[in-house]
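Asks: Once you've had a glance at the structure underneath, I'll fire off some questions.
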Amino acid sequence: MDAWLNDPMVQASLAPFVVALAVAVVLFKFRLGGLAAIAGFCTTAYLAGGLQFTPLTATRKLMVLALAAPAIGLLADFAFKATRATEIVLGVVFGAASAWMFSTVLAQRPGLQALILGGGVALFVAWTVGAMASLRGDPVRAGAAGLGLGLGAGFAALMAASASLAQYGMGLGAACGAFLLVQMIAGRRRIDAGLTYTLTAGAIGALVAAAALVLANLRWIELAILAAVPLAARLPAPRRWPVWTQAIVVSFYTLACGAAAAVIAYLATRGSS
């Protein structure tokens, strides 16, 4: 069993999928199915040995922000009615938090370079988090967006030579896939996504991709493509279609977007070899 759980592919795919599926099935009746995203991600982080907080490196700050996202999402979902302004504010908050996450790295760069890098990353995170949050009312599109963003960031990070970040992204993608599967099975019965899910998926996916840029070899072009995943989730899928069909179509859009980022990252490695 230990050898099986130590397999990186199990840690980044099967284990988070199973845990997230169980959480979504058990908790969706209480409007807490969105916790599947953080449950699956934490499963991957724990099995990969990354669920630690000291010393507080950039990747460990990612863990702090990953745990903060569902907590903030729960508060927003149950304490007040979220609006478009809420999405913008949350995007700005996590964009600013990315500067804290990479503060030690940015401090080692020349002033202008640090400003451009930190500012660009903050804009990417703010946009992605806000755009993902805007999908909170549509669990099919939200689930597909999390799937595409997580897997896209994971495989792009793998191409950028960061195995640990790749596992985190893939674990998130597997968890989001489990959430989406439950919605497909439930059909017209809503599995609430809310900010509990969309803020978690958006923040973790964006921060994993940003970390692959700052700490590994990912480039801005891949980040820009990943930022388009929430837009891809809004492409047409007629509501009169069965839920499972809508989910497949929208997932095709988002996975194509995520795959494009990974393929371009791969081609960059081929060109530099």
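Just so you know, all these numbers are worked out from the coordinates, no wet-lab data involved. These numbers come from a predicted model, not from an experiment. Cβ atoms come from the backbone with ideal geometry, glycine included; neighbour counts cover every protein chain shown.
Asks: Of the labelled options (1) 32; (2) 26; (3) 21, which one gives percent of Cα pairs over 30 Å apart as computed for this structure?
Replies: Comparing each candidate, only (3) matches the computed number.
Asks: Taking the Cα centre of each part, how many Å lie between segment 221-235 and segment 1-34?
Replies: Rounded to whole Å, the Cα centres lie 25 Å apart.
Asks: Starting from 0.36 nm per residue, how many nanometres of slack lie between TYR266 and ALA161 once their C-alpha separation is accounted for?
Replies: Roughly 36.8 nm would be gained on extension.
Asks: When Lys and Arg each count +1 and Asp and Glu each count -1, what net charge do the other residues less than 15 Å away from GLY118, Cβ to Cβ, add up to?
Replies: Computed value for this residue: +2.
Asks: Cα centroid distance between segment 129-195 and segment 57-98, in Å?
Replies: Taking the Cα centre of segment 57-98 as reference, the centre of segment 129-195 is 16 Å away.
Asks: Picking from GLY177, LEU51, ALA76, whose Cα lies most toward the positive end of the charge dipole for the chain (charges on Cβ: Lys, Arg +1; Asp, Glu -1)?
Replies: Farthest towards the positive pole: ALA76.
Asks: Taking the Cα centre of the chain as origin, work out the dipole magnitude from +1 charges on Lys and Arg Cβ and -1 charges on Asp and Glu Cβ, in debye rounded to 20.
Replies: 680
Asks: Same structure again: For segment 214-231, in order, what is each residue's ³J(HN,Hα) by Karplus, 6.51 cos²θ - 1.76 cosθ + 1.60 with θ = phi - 60°, in whole Hz (x at glycine and Pro)?
Replies: So the J values, rounded to whole Hz, are 6, 9, 10, 10, 5, 10, 5, 4, 5, 5, 4, 5, 5, 5, 7, 4, x, 6.
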